[in-house]
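A short worksheet on the structure shown next.
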Amino acid sequence: MSEWERKAEEFTEKIAREFYLTGSGQKEKLEIEPIYRQYADLFSEENVRERLMHLHDDPPATRYLAGMAASGFVENQVKKLDQDVTNAILAAKVDWDGEEVPFLQVPVLLANEEDWQRRHKLESLSSQVDAELLPRLRERLERVHEIAETLGFEDYVQMYKTLLDVDLDAQAQWLQKFLDETEEEYKRQLFDRLQKAGIPEDEATSADIAFILRAKEFDRYFEKDRMVPALLETLKAAGLSKGEDLPFTLDLEPRPLKSPRAFCSPVKVPEEVYLVIKPHGGRDDWDSFFHEAGHAEHFSHIPKSLPFPVRVLGDSDLIEVYSFHMQYRLLEPSWVRDIVGIRSPDLERYLSLSRFAKLFLLRRYVAKLQYEVSIHRGNVENAGEIYKATLERALHIHIAPERALRDMDDGFYTAMYLRAWLFEAMLREFLRKELGETWWRHPDAGDLLYQWWQRGQTKTLNDLLPEIGHTKLEMEPLIHDVLGLE
Ligand SMILES: [Zn+2]
């Protein structure tokens with residue numbers, strides 16, 4: 001192992017530990033700057049160029065190292081701007097009902113507000129905060145684009161096409177078909193749900209969707225105390241980790257500063273992996289808990305003997321397949337019936353809502369990818385307009401242009417999520433065909449994943465396609481999944 005790799009692993013562990021300690025409420029403030037400073041040499045221009053030069057030496061490992069180096073190089077140079085934006089977001093307040101509400105609390109209020117006119121009023125107040133963040137975010141984006149060119153890439157899109165080994169333009173174009181083929185059913189369901197919720201079609205916004213998807217009526221099925229037992233039953237059913245033998249640490253400690261959202265921290269892969277939760281119950285809480293549990297299971301089953309890049313790094317499309325696979329048991333009728341205990345007719349209503357939630361999310365991500373490709377090709381000045389037009393075309397609701405630059409992930413994570421969604425639906429279709437409707441309680445389902453995890457990330461998502469009977473990503477399984485077709 002090279003000295004660079006050894007240092008890179010140390011760095012990764014320290015950063016992950018810092019996020020774990022802060023997120024789990026054991027440390028008050030996130031301090032990653034000192035860690036970056038200590039390891040500044042890792043991301044020196046010389047070292048990053050060196051990694052990029054060896055990108056194709058021994059893929060995928062050398063590609064993962066180059067990806068880490070290049071992303072670290074970018075982050076290192078915009079971290080001051082990032083910190084400013086994060087602090088501005090943390091400090092921002094919105095005047096609501098005679099009270100100062102933290103900006104970060106607004107999404108929760110929106111999802112729970114019953115009156116659509118009040119929702120829209122609150123939403124426009126929060127857009128004002130977004131508008132104030134825009135100049136700094138624009139500066140950051142322009143800086144990031146310059147850095148990509150400094151490193152010798154044609155542009156930011158080209159940089160990530162190379163680092164991710166994905167043709168981002170072709171993917172964005174191809175996925176238009178997903179929008180086309182689900183358009184009619186999406187509109188039918190959207191307008192039907194808006195009407196039932198008493199929201200005028202031509203006035204609907206993202207806040208109304210958040211309210212519809214909040215679906216309080218199902219809360220009684222998703223109790224907070226049932227989450228962990230349901231996970232244990234699920235793992236046991238597929239022959240994965242069972243009972244007290246969990247290979248990761250379940251952090252259930254109720255600390256006041258603990259993040260309300262579940263997360264997984266792979267501090268040291270595979271021997272020190274945390275699944276951190278502060279259970280509050282509800283469909284959404286279960287959803288993110290199962291997602292993160294999928295990450296924890298995966299990371300804690302990778303053999304310790306594998307080298308750093310294929311053990312710890314890896315492509316995020318495949319990493320997200322494992323978390324989605326655990327999460328989308330919440331879309332499997334027999335799992336929902338037997339593990340959650342929802343019966344007809346609530347079962348059908350719950351499944352229909354969950355599929356609509358996923359359809360909305362997917363359409364949003366396809367549009368986001370199309371928008372991101374355009375912005376990263378240099379359309380920064382018109383970001384707001386392009387964002388609004390692209391998302392409105394896909395979602396048929398009003399979109400606030402002020403969010404354009406905040407609703408964006410670095411490094412085309414959007415594209416990686418989409419690839420993971422596509423693959424995971426293909427995987428579930430394969431398991432259903434091979435093992436039947438109740439595949440999730442067949443030990444072979446667990447064994448297949450177990451074998452994949454044992455190889456670490458030496459295989460990419462494309463390498464695994466033949467193992468589920470395909471040669472390329474297909475769209476039909478995902479379309480069938482969100483439309484509830486067999
Ligand atoms: Zn994830």
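Bear in mind that the values in this text are calculations on the coordinates, not laboratory data. As the structure is a prediction and not an experimental result, all values here were calculated from the model. For neighbour counting, all protein chains shown are included, and Cβ atoms are generated from backbone atoms with ideal geometry for every residue, glycine included.
A few remarks follow.
- A Cβ distance below 6 Å, combined with a sequence gap of six or more or placement on separate chains, defines the contacts here; from the range 27-42, residues that are under 18 Å from Arg255 (Cβ atoms) reach residues that are outside any loop (DSSP other than H, G, I, E, B) in the pairs Lys27/Leu21; Leu30/Thr22.
- Residue pairs whose Cβ atoms lie under 7 Å apart, sitting 6 or more positions apart in sequence or on different chains, and linking a residue in the range 304-328 that is more than 17 Å from Leu431 (Cβ to Cβ) to a partner that is within 10 Å of the ligand (Cβ to nearest atom) and among the hydroxyl-bearing types (Ser, Thr, Tyr), are Ser316/Tyr413; Glu320/Tyr417.
- Applying the criterion of at least 3 residues that are away from the ligand (no atom under 16 Å from the Cβ) to the strands (runs of 3 or more DSSP E) found wholly in the range 198-297 leaves 249-251.
- Looking across the range 118-144, the residues that are in contact with a helix residue (DSSP H, G or I) (Cβ under 9 Å, 6 or more places away or on another chain) and closer than 21 Å to Lys79 by Cβ come down to Glu132, Leu133, Leu134, Arg136, Leu137, Arg138, Glu139, Arg140, Leu141, Arg143, Val144.
- Within the range 145-157, the set of residues being part of a helix (DSSP H, G or I) and surrounded by 17 or more Cβ atoms within 10 Å (Cβ to Cβ) comprises His145, Ile147, Ala148, Tyr156, Val157.
- Among the residues of the range 430-486, those that are among the polar types (S, T, N, Q) and not in a helix (DSSP H, G or I) comprise Thr438, Gln457, Thr458, Thr460, Thr471.
- Failed condition for Pro59, given (1) in a helix (DSSP H, G or I); (2) in contact with an Asp or Glu (Cβ under 9 Å, 6 or more places away or on another chain); (3) closer than 21 Å to Val157 by Cβ; (4) of a type outside the set (Phe, Trp, Tyr): (1)
- Candidates in the range 324-357 are the residues that are in contact with a Phe, Trp or Tyr (Cβ under 8 Å, 6 or more places away or on another chain) and not hydrophobic (A, V, I, L, M, F, W, C); of these, the one that is nearest to the ligand (Cβ to nearest atom) is Gln327.
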